[in-house]
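Report on the structure given below.
The values are calculated or read from the model by the stated rules, or taken from the named source; none is laboratory data. All of these numbers come straight from a predicted model, not from anything done at the bench. Neighbour counts are summed over all protein chains in view; Cβ atoms, including those assigned to glycine, are modelled from backbone coordinates with ideal geometry.
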Amino acid sequence: MKNVSSVYLNGQFIAPEQATISVFDRGFIFGDAVYEVIPVYGKKPFRLPQHLQRLGINLRAVAINNPLSETAWSKMLCQLIAENDSDEQSLYIQISRGVAPRDHAFPEDHITPTVFAFSQPLKTPPMSLLEKGVNVITQQDIRWQRCDIKSTALLANVLLRQAAVEQDATEAILLRDGHITEGAASNVIIVDKDNVIATPPRNNLILPGVTRDLILELARQHQMPAKERSILESELATAKEIWLSSSTKEILPVCKVNDQIVGTGKPGPVFKEMLQHYQDYKQTFREGYVE
Ligand code: PDD
């Protein structure tokens, strides 16, 4: 890990080479763990309360006690940020149930969760990509029914994104029962034929993305029509614009789906407006005017 000087493991800040965990860690054996990815701008964690709130919900959903208070999370993450030279970083947090003899059921004895975190430089999408857009493919959503939990058990997501990479695409847009759910590692937002920003509703089939929520918040703030609603697969052909959103991709315009051109084939006017609002919001955050 070239870009990481020290990592946090179970209360200690240590060199990555020294950070080791048991082969019986349930995160390693079962993917019995949850995680968060938090962008850092101007050396400050972006939308930290929202990320910590989601982490708390996920920990409760899998019955792991939250190992740190909100203040302790914040302090630990700020130390990781301070140890990294980059202004823009991406924080990774992972909490597994802990170490126990292999048995699917939770261990009867109390075990201590394994807490791991690190920060690395954030590579936001280059301007050229924002001006050109990216290609995506569609794939059937083969994941489980609790995609709202940000679990490290990501084998389906890994295979789906690899399928995209092998077809020279940036992301796979996932389809379940004729509807769009999300991307393999992102949320999907469209500008529909009526010029309304639309994104699938929060339910068990998608991760409630922090970036997606911010986009909806910015749309409301700037009187841009926006709706959370089911989106049919067929709307991929009629949408004027399609975007992807995530903490590391921010907002990315899609120019082709399965080699079919989206809208005019270039990032559209609604994307350009939203990108401007998003960049302005980030700048205000860097300057310390919003949390
Ligand atoms: N992934 N949906 C899925 C399946 C994701 O993995 C992600 C993010 C999102 C977007 O969520 P947010 O806006 O909160 O980042 C939606 C992260 C970045 C990852 O796994 O690296």
- Of the residues ALA219, ALA185, which is buried (at least 17 other Cβ atoms within 10 Å of the Cβ) and in a loop (DSSP other than H, G, I, E, B)? ALA185
- Are any residues in segment 8-30 of a type in the set (Ser, Thr, Tyr) and more than 15 Å from PRO101 (Cβ to Cβ), and if so, which ones? TYR8, THR20
- Going through segment 233-249 one residue at a time, which ones are surrounded by 14 or more Cβ atoms within 10 Å (Cβ to Cβ) and hydrophobic (A, V, I, L, M, F, W, C)? LEU236, ALA239, ILE242, TRP243, LEU244
- Note on the structure: A careful count of residues in segment 175-189 that are within 12 Å of the chain's Cα centre (by Cα) and of a type outside the set (S, T, N, Q) gives 5
- Task: For segment 98-111, state whether one or more residues are within 16 Å of the ligand (Cβ to nearest atom) and either within 17 Å of TYR8 (Cβ to Cβ) or in contact with a Leu (Cβ under 6 Å, 6 or more places away or on another chain) (or both).
- Result: no
- Item | In segment 92-110, the residues that are assigned to a loop (DSSP other than H, G, I, E, B) and either assigned by TED's automatic domain parsing to the domain that holds THR152 or crowded, with 16+ Cβ neighbours inside 10 Å (or both) | ARG97, GLY98, ALA100
- Query: Going through segment 251-275 one residue at a time, which ones are assigned to a strand (DSSP E or B) and among the aliphatic types (A, V, I, L, M)?
  - Reply: ILE251, LEU252, VAL254, VAL257, ILE261
- Every residue from segment 119-177 that is among the small types (Gly, Ala, Ser) and touching a Pro at 6+ places or on another chain (Cβ under 7 Å): GLY133
- Query: Taking segment 114-136 on its own, how many of its residues are part of a loop (DSSP other than H, G, I, E, B) and either more than 19 Å from HIS51 (Cα to Cα) or among the acidic types (Asp, Glu) (or both)?
  - Reply: 4
- Take the residues in segment 190-209 that are hydrophobic (A, V, I, L, M, F, W, C) and more than 11 Å from the ligand (Cβ to nearest atom), then tell me which one is farthest from the chain's Cα centre (by Cα). VAL196
- Any residue in segment 263-291 that's more than 22 Å from LEU129 (Cβ to Cβ): show its pairings with residues that are of a type in the set (Ser, Thr, Tyr) and assigned to a helix (DSSP H, G or I) at Cβ separation under 8 Å, as long as the two are six or more apart or on different chains. VAL290/TYR281; VAL290/THR284
- Item | Members of segment 210-224 found to be within 12 Å of the ligand (Cβ to nearest atom) and either within 12 Å of the chain's Cα centre (by Cα) or free of Cβ contacts under 8 Å to residues at least 40 places away in the same chain (or both), listed by number | VAL210, THR211, ARG212, ASP213, LEU216
- Within segment 227-249, which residues are within 16 Å of the ligand (Cβ to nearest atom) and touching a Leu at 6+ places or on another chain (Cβ under 8 Å)? GLU228, ILE242, TRP243, LEU244, SER245, THR248
- Message: Residue pairs, Cβ under 7 Å, 6 or more apart or interchain, first in segment 133-151 and of a type in the set (S, T, N, Q), second part of a loop (DSSP other than H, G, I, E, B) and at pLDDT 95 or above. List them.
- Response: ASN135/ASP168; ASN135/ALA169; ASN135/THR170; THR138/ASN258; GLN145/ASN204; SER151/GLY31
